[in-house]
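Chemist: To start, I am sharing the structure in question, which I have written as structure tokens.
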Amino acid sequence: MVYNPFYNIENTELLGYEYAWINFIRDNVKPDGLFPAYIVDSWVRCKEMNVDPIKSIINIERNELDGSPETAGDTIFYAPARATIKEMMKSFETDSVQLLISDARGVCIAIFDKADQVREYSVDLSMSEADMGTNCVDLALREKKPVSIVGAQHYCQNYHKYACYATPVINRQGDTIASVCLRVLCEDMNDFMLAFTNLVARVIEDEMFLTEGNKRISRKNEEKNQLLNLVEDGIMYSSADNRITYSNNCFSDMIGIPVEELIGKSIDILGTVPSMLDLAPPEVEMKNLRISLRGKNGPMTCVLKKAYIPAETGDRPNVMWIFVTEQEIQLLADKVNNLNKAYFTFDDILGDSPVLKESIKLAQKVADFDTRVIIEGESGTGKEMFAQSIHNAGRHSRGPFVAIDCGAIPRELIESEMFGYEDGAFTGAKRGGAKGKFEIANNGTLFLDEIENLPLEMQSKLLRALQEKTIVRVGGTKPIPVNVQIIAATNVNLVEEIRKKNFREDLFYRLDIIHITIPPLRERKEDIPLLVGNFIERQRTKVNSIVKAINPQTLDHLIGYSWPGNVRQLNNVIERMMIMCEGNTLTEDLLPAEIVATSETDTRAFFSVDAPVPVKELETLYVKTALDANRGNIKKTAEQLQMSRATIYKYIKEGE
């Protein structure tokens, strides 16, 4: 049956809406001036979409929620405000009132119904104009403001009996995420219902803010705990009444008591000398106090610090205690003493292949001059070893060797890391400021590893520092002169990076006075026997191994493999094999599967022996193989290996 539009003839305003609706549906006459423009625009859209104006009301399938944690409704955004909404709904005297909650798409997801009591139902109902015609849920989300649609302002006739009011829900970022809609029969409407939807929307927004705030606090607490557990010092918190309120894992390990057993105990349980109870009062000043602590393996000496955390009640403040063992202090001191030193020399670079010897020869020439160098090579080829060798052979050898990994430092910190900073340059800056790598490397060498990762803005500042031979700290104005040899390293083609506009061309030519290319291991496979022998000797003590030889089949596989990780990967593979080996010879079964599967099959031409190869015989075998390849031509072999003929004769004699 078609719904009678003149059901409420006593209300002349509603009756006027009905006539306006009939004129629009029948004759396309727009009710300009009678309705807000956004309602008229919505009618036009509905007609263009061929929405049926005599549409029947959709039957909504409702699932009543029982409020238990298992119900789906408890997981959605309005859940924190659910109890408040139900209480607010009780204020209505009419039973026709319904409160609809929609998401940002305009899909109604919950209905609060006022009948004999307030009930909540979960639904899944699209309130878009295409499905429902002109309605306040769609318009509130579309217009991003509170709207009301009364009687025949609805496009679909079956909704003319309702007055609806809706307000969008907006989060703290300004995004519209939902809407709140109140629907009643027209005879029950009043002037306060739009304000009511505003109030409910604000309640949801406030509850969401509180929930998000609690989550942020919980997340920050978790982050703090994770951070404190990463610290290698023992950290403990105690309350105003001297009870333990927190311990990180390190402190728990130091004293051998699980964290959960420490919480709530008196600080005197730690058995320190002097007693922690004597150290806790605020009037006791302490910076670095040596104390004895009852550790899990017996007494240990620590340096103790304490910091106060203000109490909310005005009572004595809580205390944070920091325990640093003397052993840890000694380790730190050893690290500091060994910082900024270069350990490798050219004698440490193993290999007699012509391509490697050419790179070494060029690097040795560089060491005689105070010049800038770019070392190019794949990861694992030994770029820093070359850089340290140049430093130790050059005029800066008495100065520091400072390495900085341009790819490992956050771009926000790279400038202060390289140039240092002044006191108060930024939040968290160390009092008195700090030197950067340039100043630390003064009169020495600065090694810029993975320079291709240097941000473009930092490349510009580095170029200026190289041109002017001065730097300016972050937050400072005073130029500081520096005398530093710059060695840069990269594992990419910088010319290609210039073409891609990832690297400054002027910086490249400022650095690229000497360009050294280190060949990958796959291009100098004749060096593998020497490297294997050296690695076995070096690793023997480290892994407490009895390995003294490698069988030829295993060596064939090592030579046949392409070594994407280069010398570093070869070293790691030998170490792994020696750990797994139970005898004194490395065999094929110890090889990683990828090496056996991908090594070339014709490498036996390199070695023609069947017995295990002792480490000391690898060099002799290396020369003999080269001689065989050159059909016994000693002159040609000496030139190829860049050895003297006397050395070749020596190896021939040793092999007899």
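Chemist: Give the number of residues within the stretch 105-123 that are open to solvent by less than 60 Å² (accessible area, probe 1.4 Å) and either over 23 Å from ALA195 (Cβ atoms) or of a type in the set (Phe, Trp, Tyr) (or both).
Modeler: Summing the residues that are open to solvent by less than 60 Å² (accessible area, probe 1.4 Å) and either over 23 Å from ALA195 (Cβ atoms) or of a type in the set (Phe, Trp, Tyr) (or both) in the stretch 105-123 gives 7.
Chemist: Can you tell me which residue among LYS365, LYS361, LYS357, LYS383 is under 28 Å from the mean Cα position of the chain (by Cα) and of a type in the set (Lys, Arg)? Quick ask: steps written out before the conclusion?
Modeler: Numbers: LYS365 fails: under 28 Å from the mean Cα position of the chain (by Cα); LYS361 fails: under 28 Å from the mean Cα position of the chain (by Cα); LYS357 fails: under 28 Å from the mean Cα position of the chain (by Cα).
Of the residues listed, the single one that is under 28 Å from the mean Cα position of the chain (by Cα) and of a type in the set (Lys, Arg) is LYS383.
Chemist: Here's a follow-up. May I ask you to say which residue of ILE498, ILE480, ILE486, ILE471 is of a type in the set (Val, Ile, Thr), within 21 Å of LEU413 (Cα to Cα) and open to solvent by 20 Å² or more (accessible area, probe 1.4 Å)?
Modeler: Exactly one of ILE498, ILE480, ILE486, ILE471 is of a type in the set (Val, Ile, Thr), within 21 Å of LEU413 (Cα to Cα) and open to solvent by 20 Å² or more (accessible area, probe 1.4 Å), namely ILE480.
Chemist: Among the residues of the stretch 576-594, how many are closer than 10 Å to SER545 by Cα, open to solvent by 30 Å² or more (accessible area, probe 1.4 Å) and either at pLDDT 90 or above or part of a helix (DSSP H, G or I) (or both)?
Modeler: Residues meeting the conditions: 2.
Chemist: Sort through THR176, THR167, THR197 and tell me the only one that's among the hydroxyl-bearing types (Ser, Thr, Tyr), without any contact (Cβ under 8 Å) to a residue 40 or more places away in the chain, open to solvent by less than 80 Å² (accessible area, probe 1.4 Å) and within 26 Å of ALA37 (Cβ to Cβ). Show your work before the answer.
Modeler: Values: THR176 fails: without any contact (Cβ under 8 Å) to a residue 40 or more places away in the chain; THR197 fails: without any contact (Cβ under 8 Å) to a residue 40 or more places away in the chain.
One residue alone meets the criteria, THR167.
Condition check ((1) in contact with a helix residue (DSSP H, G or I) (Cβ under 9 Å, 6 or more places away or on another chain); (2) among the basic types (Lys, Arg); (3) modelled with pLDDT of 90 or more; (4) open to solvent by less than 30 Å² (accessible area, probe 1.4 Å)) across all residues:
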position	(1), (2), (3), (4)
PRO36	yes, no, yes, no
ASP52	no, no, yes, no
LYS55	yes, yes, no, no
ILE58	yes, no, no, no
ASN63	yes, no, no, no
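Chemist: Please verify whether the stretch 388-410 includes one or more residues that are surrounded by fewer than 20 Cβ atoms within 10 Å (Cβ to Cβ) and more than 25 Å from ALA342 (Cβ to Cβ).
Modeler: yes
Chemist: Answer yes or no: is there a residue in the stretch 134-141 that is over 30 Å from ASN28 (Cβ atoms), surrounded by 15 or more Cβ atoms within 10 Å (Cβ to Cβ) and either of a type outside the set (S, T, N, Q) or at pLDDT 85 or above (or both). First the steps, then the outcome.
Modeler: Of the stretch 134-141, the ones over 30 Å from ASN28 (Cβ atoms) are none.
Scanning the stretch 134-141 turns up no residue that is over 30 Å from ASN28 (Cβ atoms), surrounded by 15 or more Cβ atoms within 10 Å (Cβ to Cβ) and either of a type outside the set (S, T, N, Q) or at pLDDT 85 or above (or both).
Chemist: Residues of the stretch 207-230 being touching a residue at least 40 places away in the same chain (Cβ under 8 Å) and surrounded by fewer than 16 Cβ atoms within 10 Å (Cβ to Cβ), which ones? Reasoning before the result, please.
Modeler: The initial filter retains those residues of the stretch 207-230 that are touching a residue at least 40 places away in the same chain (Cβ under 8 Å), namely 207-208, 210-212.
Within the stretch 207-230, LEU210, THR211, GLU212 meet the criteria.
Chemist: List every residue pair whose Cβ atoms lie under 8 Å apart, where the two residues are 6 or more positions apart in sequence or sit on different chains, the first residue falls within the stretch 277-293 and is farther than 17 Å from SER266 by Cβ, and the second residue, located anywhere, is part of a loop (DSSP other than H, G, I, E, B) and at pLDDT 85 or above.
Modeler: Going by the 8 Å Cβ cut-off, the qualifying pairs are SER292/THR272.
Chemist: Looking only at the stretch 540-570, count how many residues are outside any loop (DSSP other than H, G, I, E, B), among the aliphatic types (A, V, I, L, M) and in contact with a Ser or Thr (Cβ under 9 Å, 6 or more places away or on another chain).
Modeler: Of the stretch 540-570, the ones outside any loop (DSSP other than H, G, I, E, B) are 540-542, 549-550, 552-560, 566-570.
Checking the rest, the ones that are also among the aliphatic types (A, V, I, L, M) come to 549-550, 555, 558-559, 567, 570.
If we keep only those that are in contact with a Ser or Thr (Cβ under 9 Å, 6 or more places away or on another chain) as well, we get 549-550, 555, 558-559, 567.
Selection size over the stretch 540-570: 6.
Chemist: Same structure, new question: Give the residues of the stretch 366-380 that are open to solvent by 10 Å² or more (accessible area, probe 1.4 Å) and in contact with a helix residue (DSSP H, G or I) (Cβ under 6 Å, 6 or more places away or on another chain), sorted by residue number. Even if it seems obvious, please write down each step before you answer.
Modeler: Applying the first criterion (open to solvent by 10 Å² or more (accessible area, probe 1.4 Å)) to the stretch 366-380 yields 368-372, 376, 378-379.
Across the stretch 366-380, the qualifying residues are ARG372, GLU378.
Chemist: Do we have any residue at all in the stretch 276-298 that's modelled with pLDDT of 85 or more, within 38 Å of the chain's Cα centre (by Cα) and farther than 20 Å from THR325 by Cα?
Modeler: no
Chemist: From the list ALA465, ALA434, ALA425, exactly one residue is in contact (Cβ under 8 Å) with a residue 24 or more places away in the chain, more than 19 Å from LYS341 (Cβ to Cβ) and either aromatic (Phe, Trp, Tyr) or open to solvent by 10 Å² or more (accessible area, probe 1.4 Å) (or both). Which is it?
Modeler: Of the residues listed, the single one that is in contact (Cβ under 8 Å) with a residue 24 or more places away in the chain, more than 19 Å from LYS341 (Cβ to Cβ) and either aromatic (Phe, Trp, Tyr) or open to solvent by 10 Å² or more (accessible area, probe 1.4 Å) (or both) is ALA425.
Chemist: I'd like the full set of residues that are of a type in the set (Gly, Ala, Ser) and at pLDDT 90 or above, limited to the stretch 20-34.
Modeler: As a first pass, look at the stretch 20-34 and keep what is of a type in the set (Gly, Ala, Ser): 20, 33.
Correct list: ALA20 only.
Chemist: To continue, here is another question. GLY67 - would you say it is crowded, with 16+ Cβ neighbours inside 10 Å, modelled with pLDDT under 80 and within 15 Å of SER122 (Cα to Cα)? I'd like the intermediate steps shown before the answer.
Modeler: On the way: crowded, with 16+ Cβ neighbours inside 10 Å: no; modelled with pLDDT under 80: yes; within 15 Å of SER122 (Cα to Cα): yes.
So GLY67 fails the test.
Chemist: Give, as residue ranges, the strands (runs of 3 or more DSSP E) completely inside the stretch 257-327 that count at least 1 residues that are closer than 15 Å to ARG243 by Cβ and open to solvent by less than 70 Å² (accessible area, probe 1.4 Å). Explain how you work it out, then say what you get.
Modeler: On the way: elements: 289-295, 298-309, 318-325.
The strands (runs of 3 or more DSSP E) meeting that bar are 298-309, 318-325.
Chemist: Still on this structure, please answer the following. Are any of the residues in the stretch 150-158 open to solvent by 40 Å² or more (accessible area, probe 1.4 Å) and either over 16 Å from SER42 (Cβ atoms) or not acidic (Asp, Glu) (or both)? Please lay out each step first, then the result.
Modeler: Step one: filter the stretch 150-158 for residues open to solvent by 40 Å² or more (accessible area, probe 1.4 Å), giving none.
No: zero hits.
Chemist: Suppose we filter the stretch 469-489 for residues that are of a type in the set (Ser, Thr, Tyr) and at pLDDT below 90; how many remain?
Modeler: Number satisfying all stated conditions: 1.
The values are calculated or read from the model by the stated rules, or taken from the named source; none is laboratory data. Because the structure is a prediction, the values reported are computed rather than measured. Here the Cβ is made from the backbone with ideal geometry for all residues, glycine too, and neighbour counts use every protein chain on show. Note: accessible area is taken over every heavy atom of the protein model, side chains too, but ligands, DNA and RNA are not part of it. Shrake-Rupley method; radii C 1.70, N 1.55, O 1.52, S 1.80 Å.
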